[in-house]
Amino acid sequence: MSASALEADVAAGCFHCGLPLGGASRFTVFVNGAERDMCCAGCAAVAETIVAAGLADYYRHRSAPGNRPEDSMPQWMRDLESFDLEAVQHSFVQRGDAGARRAELLLEGVNCPACVWLVEQRLKRLPGVNEVSVNYATQRVRIGWSDAELRLSSILRTVANVGLRAHPFDAAHRTALRQKDKRRRLFELALAALGMMQVMMYAVPVYLSDAGDIAPEFEQLMRWASLILTLPVVLVSARSFFFGAWRDLAHRRIGMDVPIALAIAGAFVASVWATVAGRGEVYFDSLTMFVFLLLGARYLEAESRARAVAAIERLSHPLPAAAACVPRYPDSKETRTMATAALVPGNMVLVDSGSAIPADGTIMEGTSEVNEALLSGEARPVPKRAGDTVVGGTLNVGSPLFVRISRVGADTVLSHIVRLADRALGEKPRFAQMADRIAGSFSLAVLILAAITALAWLSAGSELWFRNAISVLVVTCPCALSLATPAALAAATGRLSGIGLLATRGHVLETFARITDVVFDKTGTLTQNEMRVARVVPLGNLRAETILLLAAELELGSGHPLARALTGAANDAPGMLAVRATMLMHSAGEGVEGEINGERLRIGTATFVGALVGKPLAQSAIPEHSHSQVLLGQSGEWLARIDLDDAPRPDARAALDALRAAGARIHVLSGDVPAAVHAIARELGINEADNVQARATPQRKLEYVEALQRKGCVVAMVGDGINDAPVLAKAALSIAMGGGTDLARANADMVLLSGRLTALADGLGVARATRRVIGQNIAWAIGYNAIAVPLAMMGWISPWVAALGMSASSLLVVGNAARLHRGGGKG
């Protein structure tokens, strides 16, 4: 077909492929002086690429329309369309209002932080994407988009166009991919090691012999043998560097694989030419050593990263595949096997000794011990009895238990914790973003310095221009700079998880290291969270048992330790109420109001209850002592005062002493009565005059923290209740107790899963050690390059020495970060 006939043929259709446009075209590309219609975004992208490459004349001289992009797609890319089906998305896509979608994907083929950066940038540019974060440590993508503007298949295809593959996140698939990637890395490393050793056998005699000791024909034979041995190292072991460099250049970016690939390709081509020509210098030994050491550094970094995230990822594995369901309990205790995924709230299950609990629930029958190390890091089993709650994934190590399921799937404590951990891993702290920017600019600087070196030596008439340029490319490999921050952050996050501190935000380590003041709530935080009713003092005509039942009914459903104490005491009291509380209204930090048998009642602080009673309470009715107190009243009448006891946590004093030794100032804010708060403060050695506030409402707590922040303090807030949520959100670093309310955990940057307050001091030490390690790594990477680059440019470093220096630099950075696994980094 002639060019003119072809032009006429495509005029009525897509300019690139010739197919009908199917209505008004939304895609146009400026080609050869005119706007051309395209049938789809794929053809438009191909045409733009052809024009941008300066190949627009292709359209003048072609003899047939171009292929559509999908015509040359591999089958797996065509299959991506199936991910747009609702039935396929059901298992891993979360749906929101107005077509909002959110999913978690697993990346395959990630080699370095540059891959992650590139995927993130490409996805951010897609229309309809409102949230995207890619984590290098876990190689996972969290993305949110509007289904009205974007299809999931387009997201997966965008990742594929970068040179990677994305899959719906699945723990089993992730493990399989990780094992596959590990085997690939080991194979490439072993091949490079074998090639390096064999090439060195031929290189060492040449280095050690004097001129003329080896006959020219034998030296040439050794060069050919070295070339043959180096070939698989370049084509197989080094392929990831070439793929990475091509990916970066295709997207107009200079990543750290570019100078590496350039150094490998340049050294190999020059060595092949010297071998064929029979003159000049060969670099087979330096090249194979460079590839081996670089692969070794990357393998160790990958293993360090996998070890760091394992402490968090283990949360995804513990649920059993099946559960022993008891459908006719309590009439019959006969069981039948049921898939854990099929459980629903209300199901009764039997958990035998040594078995994992399949979902969150309440023990209905049995007494045992449960190992909660999965959540807290503590190996010591926790006693459990009828009425206690248990968490799915924890291990029953005592007698069999009958458990009624209350929460399953995404609603369980375990799933919530995993989501919080994923959120933290998906966010980058400020110093990680800064390190990424430095590493990206550094790769371009390396290429410029190598070019300057080659030109300078070439203009001086030296034959060493190529050797010295290669040395600059090798010695300044930016791996150490790129790994300096991610390696330390991954190790530190795993270390925190190991001591029972779950980071839920990306800025945690950075902020924790700068903390100057730690503010504690009292009840349930500094105290044991096991309040007990010490005394019931009737102020009217009601009996103590009736008062407890009324109080428990009002507090039913609250997660506050005081509420649990009242409901626990009411369970032990004889009798029961004939009616239930309705119209319940919680006032954070004040109390609860509700209606029982047509009468409005309030329980809480004297001020809160007094507003309903309408008359003052006699001072003799509220004596000053170390008990926590709540009042119960109705319109026109005070009904009772209830005193409660709560002892400090066993490790509270040690934790506060350790925080003080680390330079942090301690504060206590509590809504409790002054006597109770000051008694705890004295017992824990806290300065009562300056740092203790009693009867603190949520607003007062907020104002207290804001006042500290105005003084320049960096404040961490530790709390566990609903009334702590506002101040947790305001503090620079918020820490919720693992046994606290869901609202407190949702507003927190960290969750103290272990319940051990001493973990806070340990965590502060890890955060400060991480800051030191990152500083050391970056300082080393910059200092090393500041010394090595001038030496390489002056010709004082040969390529093989440059390879040793580069690898030693990368290994030092990874090894320094690995100290955080063991609690190091204090130097």
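Exactly one condition in (1) modelled with pLDDT of 85 or more; (2) open to solvent by 40 Å² or more (accessible area, probe 1.4 Å); (3) small (G, A, S) is false for S226; which is it?
Of everything listed in (1) modelled with pLDDT of 85 or more; (2) open to solvent by 40 Å² or more (accessible area, probe 1.4 Å); (3) small (G, A, S), S226 misses just condition (2).
Give segment 149-168 a look and list any residue that's of a type in the set (K, R) and modelled with pLDDT of 80 or more, or say none.
Passing the criteria: R151, R157.
In contact (Cβ under 8 Å) with a residue 60 or more places away in the chain and either among the basic types (K, R) or exposed (fewer than 14 other Cβ atoms within 10 Å of the Cβ) (or both): is that true of R252 in this structure?
no
Here is a yes/no grid of residues against (1) modelled with pLDDT of 80 or more; (2) among the small types (G, A, S):
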residue	(1), (2)
S240	yes, yes
V258	yes, no
V269	yes, no
F290	yes, no
R307	no, no
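Scan segment 668-709 for residues that are open to solvent by 10 Å² or more (accessible area, probe 1.4 Å), touching a Leu at 6+ places or on another chain (Cβ under 8 Å) and of a type outside the set (V, I, T) and jot them down.
Those that are open to solvent by 10 Å² or more (accessible area, probe 1.4 Å), touching a Leu at 6+ places or on another chain (Cβ under 8 Å) and of a type outside the set (V, I, T): G685, Q693, R700, Y704.
Go through the residues of segment 606-622 one by one and say whether even a single one is surrounded by 15 or more Cβ atoms within 10 Å (Cβ to Cβ) and within 43 Å of the chain's Cα centre (by Cα).
Checked segment 606-622: at least one residue is surrounded by 15 or more Cβ atoms within 10 Å (Cβ to Cβ) and within 43 Å of the chain's Cα centre (by Cα).
Restricting to segment 684-731, name every residue that is modelled with pLDDT of 80 or more and of a type in the set (D, E).
Result: E703, E706.
Only one residue in P574, P650 is exposed (fewer than 13 other Cβ atoms within 10 Å of the Cβ), more than 27 Å from T527 (Cβ to Cβ) and at pLDDT below 85. Which one?
Testing whether each residue is exposed (fewer than 13 other Cβ atoms within 10 Å of the Cβ), more than 27 Å from T527 (Cβ to Cβ) and at pLDDT below 85 leaves just P574.
What helices (runs of 4 or more DSSP H) lie completely within segment 65-148 and have 1 or more residues being modelled with pLDDT of 75 or more?
Once the helices (runs of 4 or more DSSP H) in segment 65-148 are filtered for at least 1 residues that are modelled with pLDDT of 75 or more, what remains is 113-124.
For residues that are in contact (Cβ under 8 Å) with a residue 12 or more places away in the chain and outside any loop (DSSP other than H, G, I, E, B), tally how many sit in segment 273-296.
Going through segment 273-296 one residue at a time, the tally reaches 15.
Is it true that some residue in segment 179-197 is in a helix (DSSP H, G or I), more than 20 Å from A238 (Cβ to Cβ) and at pLDDT below 80?
yes
Mind checking which residues of segment 340-355 are outside any helix (DSSP H, G or I) and either surrounded by fewer than 19 Cβ atoms within 10 Å (Cβ to Cβ) or among the acidic types (D, E) (or both)?
V344, P345, G346, D352, S353, G354, S355
For residues in segment 258-272 being in contact (Cβ under 8 Å) with a residue 60 or more places away in the chain and among the aliphatic types (A, V, I, L, M), which is most open to solvent (accessible area, probe 1.4 Å)?
Filtering segment 258-272 for residues that are in contact (Cβ under 8 Å) with a residue 60 or more places away in the chain and among the aliphatic types (A, V, I, L, M), the one most open to solvent (accessible area, probe 1.4 Å) comes out as L262.
Yes/no per residue for (1) touching a Pro at 6+ places or on another chain (Cβ under 9 Å); (2) assigned to a strand (DSSP E or B); (3) open to solvent by 40 Å² or more (accessible area, probe 1.4 Å):
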| position | (1), (2), (3) |
| --- | --- |
| T511 | yes, no, no |
| R514 | no, no, yes |
| V518 | no, yes, no |
| N541 | no, no, yes |
| A563 | no, no, no |
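Being at pLDDT 75 or above, at negative phi, of a type in the set (V, I, T) and open to solvent by 30 Å² or more (accessible area, probe 1.4 Å) is true for just one of I787, I735. Which residue is that?
I787
Rundown of residues vs (1) of a type in the set (D, E, K, R); (2) over 22 Å from R535 (Cα atoms), yes/no style:
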position	(1), (2)
R602	yes, no
L656	no, yes
A662	no, yes
V668	no, yes
H678	no, no
I686	no, yes
V715	no, yes
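The values are calculated or read from the model by the stated rules, or taken from the named source; none is laboratory data. No experiment lies behind these values; they were computed from the predicted model shown. Here the Cβ is made from the backbone with ideal geometry for all residues, glycine too, and neighbour counts use every protein chain on show. The protein model used for the area step is the full one, side chains on, heavy atoms only, and it has no ligands, DNA or RNA in it. Shrake-Rupley method; radii C 1.70, N 1.55, O 1.52, S 1.80 Å.
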